[in-house]
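First the structure, in the form of structure tokens, and then the observations on it.
Just so it is clear, none of the values below were taken in a lab; they were calculated from the coordinates. What you see is a predicted model, and the numbers here were worked out from it, not measured in a lab. Methodologically, a virtual Cβ is constructed for each residue, glycine included, from the backbone with ideal geometry; neighbour enumeration extends over all protein chains shown.
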Amino acid sequence: MSKSIYVPAAAGEAEFTEKRSRFLGHVRPVESEEQAREFIAAMKKEYYDARHNCWCYALRQGPERYSDDGEPQGSAGLPMLEVFRREGVSDFVCVVTRYFGGVLLGTGGLLRAYSKSAKDALDAAGLAALEHWTVLDIPCSYAAAERIKQEIAAWGGALDQVDYGESVCIRALIPEEQAKALQDRLYDLSAGSVRAQAVGQQLRAVPVSPR
């Protein structure tokens with residue numbers, strides 16, 4: 001899924017202490033600049049007594065923005081943004097709050113601390129791949145269901161829903177380029193008893209395993 005666009009799968013939060021300064025990282029998925037700025041304002045209100053509330057955000061169809069919020073120039077907002085650039089993540093907002101502990105960290109120390117806080121919060125949020133997925137309906141027996149789920153995961157797919165009745169019907173989301181190969185694989189594994197049917201496509205953000 002190298003061509004995927006990644007977004008945060010959920011809200012993520014992380015905290016650590018560096019030389020008595022507390023760093024609180026928060027990541028949220030957003031769909032607009034307005035949502036990003038609303039979240040930044042909410043964090044500044046909640047952590048009004050903190051020394052700094054540094055932030056960054058980026059949108060696929062919009063701008064990238066960042067702020068050092070009083071820290072030395074280039075020591076906070078941009079290093080945070082670079083974390084998301086390296087991971088290929090967009091449609092996010094990240095705020096890192098610092099409660100000053102009385103010990104100066106220096107520009108290098110601040111850069112590392114703000115980068116770590118952003119990365120820890122992103123790791124807590126997890127990643128979702130935003131791409132076109134082929135939707136497969138896969139009717140199967142109860143005996144075959146777990147093996148099919150394993151194959152879906154192995155081919156980079158995700159479960160959408162599973163219906164249990166007289167038999168099992170699995171609806172899966174599969175990267176476009178893998179769908180036909182998975183259909184053939186399931187047919188061969190089941191000696192022709194499992195026929196996965198493509199029923200459409202969706203542009204969705206689907207949680208993925210850590211890379």
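Largest GNM mean-square fluctuation among Arg37, Arg86, Arg20, using the chain with Cα springs under 10 Å: Arg86. Rounded to the nearest 500, the 222 nm mean residue ellipticity of the chain from helices alone is -11000 deg cm²/dmol, with -39,500 (n - 2.57) taken per DSSP H run of at least 4 residues.
Expressed per residue, the C-alpha convex hull volume of the chain stands at 135 Å³.
Ranking Gly106, Gly88, Ser75 by Cα position along the charge dipole of the chain, where only Lys, Arg, Asp and Glu carry charges on their C-beta atoms, puts Gly106 farthest toward the positive end. The charge dipole of the stretch 43-193, taken about its Cα centre with unit charges on the Cβ atoms of Lys, Arg (+1), Asp and Glu (-1) only, comes to about 640 debye. Neighbour counts of other Cβ atoms within 10 Å put Asp123, Asp69 in the fewest-to-most order Asp123, Asp69.
Taking every alpha-carbon pair within the stretch 1-86, the share separated by more than 19 Å comes to 41 percent. Overall shape of the stretch 128-207 was characterised from the C-alpha gyration tensor. The equivalent ellipsoid obtained from it has semi-axes of 20, 13, 10 Å, in decreasing order. In summary, the aspartates and glutamates within cross-link reach of Lys119, defined as a Cα separation below 14 angstrom excluding same-chain residues under 8 places away, comprise Glu13, Glu15, Glu82, Glu87.
So how tilted is helix 77-87 from the main axis of the chain? Cα-based, degrees 0 to 90, rounded to 10. Compared with the principal axis, the helix lies near 20 degrees.
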